[in-house]
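Bear in mind these aren't lab numbers, they're just calculated from the coordinates by the rules spelled out. These numbers were taken from a predicted model, which means no experiment stands behind them. Ideal geometry is used to build each Cβ from the backbone, glycine not excepted, and the neighbour counts take in all protein chains shown.
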Amino acid sequence: MSNALFTLEEGGRLTGVTIRGPHWNYTASPVIPGYIPFAPGETRDEREQWRSEWYARGVSMQADSSQFDNCELWGFSTGIMVGSRESPASPSILYSALHNCMMTSAGYPIDINRGTPTIYRCAFDAYRHAICGYGTADAGYLAIECDFGPHASSHPIDMHRIGENESGTTDQSALRWQWCAGGTMLVRNSIIRPTRVVDQRHHNGTNAGPYEPDLYINHNRGGFTPHVLIRGAPVDGIYLEGNQCAHPDAETGIDQSSFPGRQRMNEFGWHNIFTRQNQWNVPFSQ
C-alpha cells in the first residue's frame, strides 16, 4: 500500500501538472527553499525522530507501464518512489523538473526501491541525491540527457549497498550479498554540475542573526562532493557515457566505497564502474 500523494499502477500516467509538496518554503533561506534540516537534539535518535515526522512522498510508481512526464514536482522529502520491497517496477520519467526535494538524510527527487526506471530529459536541482537506489540486484536506472543542477547537499548520483538497508546474517556464504549496490545503472549524455555542497544557512528566529549557521543542516556544509558515489559492488555496473562534468577528472568525480578489497578493480580502484567519452572540467555557469 502506497503512502504517496499519487500512486501510478498499470497504465497510470501523470502529465503536464505541477505538484507542490508541503516543504516548499520551510526555511527562510534564499538559496534552498524547502530544505529540511536535522533538529537540535542530544542524540541522533532524537534528531531522527523529529526528521521522520517531516517525510512526504509525492508519487509512487508501481508498474512498468506507468509514466510521469512533462511535470514539475517539488517540496517533498522524496519526490518519486519507484517499485516496492515486494516487487520491482521500471516506469518512464520524462521531460520533467524535479527540484527542492532536499533533506538531511532522505532528500531524493527519485528513489528506487526495486526496478530500473528510464529517466529522460529531466532537470534536477536542490536535492540531496537526485537519483538513489536501495541496493538490490534489480535496482538501477537509465538516466539519459538529464541536467543535474548545482545546488546539492550531497552527491547527485547514488546507489546504496544492500547491507546499509538490510542485515541480520552472520553466515559467511551470505556476506557477499550485503555488498551488492544495484544492478545496472546508466548515466548518458547528461550535464553534472555539483562539485561542492551548498553552504546553507537556517533562520534561527527573531533573536538570531539573519542566516545563522545551524549545526544540523548537514555534515559537510560548503565541502567537496563527487558527482557519483556507489556504496558497494554493482552486479552488472554503472556506465557513465558522454556526459559533461564539472569535476576536473574521473578520479575526482567518481567514488566507490564499502566493498571487500578482493574484488577485481581497475586503475582507479573501482569495481564495475565504466566510463566512456565524458568531458571533464566543463566550466558551467551556476
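Table for the structure above
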item: Region 63-112 shape via C-alpha gyration tensor axes, a/c threshold 1.5; result: oblate
item: Ascending count of other beta-carbon atoms within 10 Å, so fewest first, for 228, 82, 282; result: 282, 228, 82
item: Per-residue Cβ neighbour rank within 10 angstrom, fewest leading, 258, 190, 285, 87; result: 285, 87, 258, 190
item: For residue 5, distant residues with modelled amide H under 5 Å away; result: 57, 58, 59
item: Gyration tensor (alpha-carbon) shape descriptor, region 99-160, a/c threshold 1.5; result: oblate
item: Charge context of residue 130, other residues only, Cβ under 11 angstrom, K/R +1, D/E -1; result: -2
item: Gain in span if fully extended, residue 196 to residue 177, counting 0.36 nm per residue against the direct Cα distance; result: 3.6 nm
item: Ordering of 235-244, 132-141 by burial proxy (mean other Cβ atoms within 10 Å per residue, highest first); result: 132-141, 235-244
item: Formal net charge of residues neighbouring residue 116 (Cβ-Cβ distance under 12 Å; K, R +1; D, E -1); result: -2
item: Environment charge at residue 79 (Cβ cut-off 9 Å; Lys +1, Arg +1, Asp -1, Glu -1); result: 0
item: Linear extension gain, residue 282 paired with residue 241, 0.36 nm per residue minus alpha-carbon span; result: 13.3 nm
item: Gain in span if fully extended, residue 65 to residue 15, counting 0.36 nm per residue against the direct Cα distance; result: 16.6 nm
